[in-house]
1. Return the Rg/Rh ratio of chain B with Cα-based radii and a Kirkwood Rh.
2. Which distance in nm do the two modelled labels at residue B:34 and residue B:247 give, with both placed 7 Å along the Cα-to-Cβ direction?
3. I want to check a number: in region B:164-259, how many lysine pairs have alpha carbons closer than 25 Å, given a sequence separation of 8 or more or different chains?
4. If a paramagnetic tag sat 7 Å from the Cα of residue B:237 along the Cα-Cβ line, which residues of region B:94-132 would have the backbone N under 16 Å from that point?
5. For A:188-195, what's the mean count of beta carbons from other chains sitting within 10 Å of each residue's beta carbon?
6. Springs between alpha-carbon pairs under 10 angstrom, Gaussian network model over chain B: which of B:74, B:123, B:193 fluctuates most?
7. If you take the beta carbon distance between residue B:158 and residue B:120 as r and set R0 to 35 Å, what does 1/(1 + (r/R0)^6) give as a FRET efficiency, to the nearest 0.05?
8. FRET efficiency for residue A:138 and residue A:114, Cβ-Cβ distance as r, R0 = 30 Å, nearest 0.05?
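FYI, it's all coordinate maths here, none of it is from the lab. Since we're looking at a predicted model, the values are computed, not measured. Neighbour counts run over all protein chains shown; Cβ positions are idealised from the backbone, glycine included.
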Amino acid sequence: MVIFKKFDDKAQLHTLEGVAAAALMLTVMIYIIDATSMTPLTSSSSNMHMESELGMLGQDILNNMNYAEPGYDSKLKSDIMNWNGNEYVWNGTNYAEKGAEDSGRELKNNLTDILAKVLARKAIAHNVEMTYISTSNNATYLFSKNMISNGDPSNNAIKISRKIALHDEDINSTLFPSNLIGDIDPSTNLYNIIDVKIVMWRI
Amino acid sequence: MKMVVSMINKMTTSKMIRNQDAQFMLLGAFIIAIGLTVVTIMLSSIIFEGNKAIMAGSDESKTDMVNVMQMAQDEIRNAYRNSTTLGGDDTINNFNIHMREFGNYMSLIYAVHGEVVTVTWEDWNDKEYAYFTDNGAVNGMPDWIVAENTQNSTIMVNITNISGPLNVNVINATKIWQKDFSFPGMSIISDDDIKANINPPYSIKFINGSNANGKYSVTGNTVYGRNFIYARDYVLNTTITFSNSKVSANVTVPISVPW
């Protein structure tokens with residue numbers, strides 16, 4: 001009877017010591033994991049989720065901007081038609097002309113309104129790139145120019161794009177840079193096809 | 001002497017047992033820690049794969065396909081309006097040239113993203129006018145609302161073939177005013193005609209649309225001050241093929257022209 005009692009005490013103590021040793025090892029592991037730098041850009045499950053959310057946000061922005069009733073131009077198309085071909089950068093309050101930030105010249109349109117509210121104020125860096133078709137000497141080329149540029153995107157950047165067809169009647173000769181984006185087919189009403197790409201990344 | 005030897009033996013045996021226990025305890029601790037680590041990694045992998053599956057659901061290819069379909073629809077309508085407005089003998093030819101150029105440039109601009117897009121279309125040569133149903137097909141919904149919340153409007157109906165009565169209803173909150181059509185030919189219901197019988201805001205509804213085919217247009221503005229135009233001559237089938245490394249699709253869309 002005495003032997004059994006002694007054996008039981010020992011087993012409980014061993015179990016307790018085992019649990020204590022396991023807790024100690026887990027503490028060390030947690031410390032190691034915490035010591036590792038986990039940023040939003042670190043490739044992980046949460047990063048994938050964030051990329052997915054960012055992609056959906058970009059899709060929502062472009063879906064909203066690209067909607068038009070019959071007989072009307074979408075907000076996105078309207079912005080392209082009225083873009084003067086210059087590049088702009090977010091300076092914390094508005095989209096100032098790149099290289100002439102002190103001039104007071106800024107880009108203010110439907111796209112910048114939504115980007116400032118949805119992306120800039122949430123510290124989501126973004127570029128807006130326009131790719132258009134150019135033809136010369138019977139050859140066809142694709143050119144890209146940034147409408148909004150906030151630096152080089154990270155490797156985890158999300159790209160969302162929409163194509164917009166422009167027609168001869170869409171061209172506003174006072175603002176639209178016809179010297180930049182030309183008529184690819186003068187024989188028809190088709191003027192050009194623009195690929196509007198929003199690149200977004202967390203900083 | 002025997003007793004001393006026995007005590008030493010007992011002490012040695014006791015020490016040995018304690019040493020073995022310590023090793024087993026350490027081994028147990030290792031097994032528990034490794035087990036917990038394995039479970040954590042497995043859970044993390046499950047969540048990771050779950051997120052990948054969610055991302056697959058929100059694949060960009062779907063929105064790209066919808067974008068191509070919308071562009072093809074807008075372009076067919078634009079090409080039709082432009083070629084028919086210009087008129088002349090080459091109306092259909094001009095339409096086909098416009099669409100061919102559009103299809104070529106679409107293929108080019110999508111190729112940049114590694115996507116293959118082709119657009120094929122039909123013209124209205126030897127094609128009969130659309131029915132007055134919701135989708136323009138003979139088996140489409142015969143009773144449907146063309147415009148709502150209308151303040152001012154003019155309705156043009158040009159019937160080519162008719163096999164039974166076609167009715168245009170103008171409806172407000174308290175009253176229904178109906179105009180009946182039984183013979184081929186063009187009729188215009190002016191804004192004055194409508195307002196002499198019914199007060200705005202009203203809805204415009206086609207009834208028994210499958211009994212007749214032809215052209216119609218409804219122009220005007222809404223109570224919110226927005227101008228609108230709804231018109232249909234033909235329904236042209238357009239086929240879009242879209243493929244990239246993930247998906248391949250072939251979609252035929254009926255597109256009503258000119259709006």
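1. Ratio value, two decimals: 1.52.
2. 4.5
3. Numbers: B:175/B:195; B:175/B:205; B:179/B:195; B:179/B:205; B:179/B:215; B:195/B:205; B:195/B:215; B:205/B:215.
So the count of such lysine pairs works out to 8.
4. B:119-131
5. Working: counts 12, 12, 10, 0, 2, 8, 1, 4.
Mean partner shielding for this stretch: 6.
6. B:193
7. Values: r = 29 Å, r/R0 = 0.83.
About 0.75, to the nearest 0.05.
8. Values: r = 40 Å, r/R0 = 1.33.
My answer for the efficiency is 0.15.
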